[in-house]
Every structure is written in structure tokens, then in C-alpha cells.
Amino acid sequence: MSRTVAALLSIAIGIGFMLLVLLAWPLIALHNAIPLQLVQAGLSGPAWYGVLTLQDFAINLLLAAPAAWLLLRLGRTRLRFHCTLATLTFATAVTFAAGLPVFAASGFIAAGWLLMLAALPVATWLLSLSGRGGGRIPSGPLHRPRTG
């Protein structure tokens, strides 16, 4: 595959990830019972925001998994470049589409936004770890243990 086609696919992956995030998060927010359960458990203020920020990061990692898998399918030789291009495309598209108040945001909103941006590179890194063959059993005939 040519570099130009791979770069265009990286941009498309970033846009697709943005569409998935923008479609999924309203449904997640509607059906997520954890914020109410945290309040009922007595958690409030910065601790409440901190726990929700970590939960949101975990959800964003799951949402980023398909995009990360597609980036890995483009090849490992230029994976950092393609991941960076997809992440920058995602950041630009989601900022314009959602109107995130990045520059005038409070600390927790900015932290959540940065963790949302980090989800794609982290998911790509985590998925790339599984393909390195660290725990693979070599192929070939099975050896019989010696007896006696």
C-alpha cells in the first residue's frame, strides 16, 4: 500500500473514531448509572470528578479499540506516524463537531479532553503488545517427555 493511501486511511480512521465517539457518548451518558451510584455512596467534588474521568478514559479506550486495530492493519513500520495523524484528525474533528471548550475549560474538563485524545494512542499501544509474539508456542512437532 502506498504511503499516500495509508495516510488517507489514517485520516479516515480518525474521522470514523470521531463519529463513533459522538454517537456513542450520548447513549453512554443516558444509561450510565455510575455517577448516581457514586453520589449515593457519598462521593462528591474533586473525588467524584476524578473517578468519572478515569471511567470515561476506560470507556474511550474501548471505543478506540476498533480504530487502533485498523491502524495496526496499516502496518507497524509507520505506526507512530499513522497513529499521530489519526489522533490529530480526531482531535480537530471532535473539537469542531462537539464544540468542546478546550481553551476556556476547567481543569477537569481539560483533563477529560486530554485523556479522550490519549485513548487512541494508548489503545493502539496496548493492541500492539499482543502481536509481538512474546508468549507464543513455537510450531512444530510435540516433544515427548523422557521416561525412566
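Every number here is computed from the coordinates shown, using simple stated rules; none is lab data. Keep in mind that this is a model prediction, so the values were computed, not measured. Here the Cβ positions follow ideal geometry from the backbone for every residue, glycine too, while neighbour counts run over all protein chains shown.
Computed values, structure above
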item: FRET efficiency, LEU129 to ALA29 (Cβ-Cβ, R0 35 Å, nearest 0.05); result: 0.70
item: Rounded FRET efficiency, nearest 0.05, which uses the C-beta distance separating VAL51 from LEU88 and R0 of 25 Å; result: 0.30
item: Protection proxy ranking of 15-25, 71-81 - average other beta-carbon atoms within 10 Å, highest first; result: 15-25, 71-81
item: Highest average packing first - 3-11, 115-123, 44-52, Cβ atoms within 10 Å; result: 115-123, 3-11, 44-52
item: Cβ-derived FRET efficiency at R0 22 Å, LEU62 paired with ILE11, nearest 0.05; result: 0.45
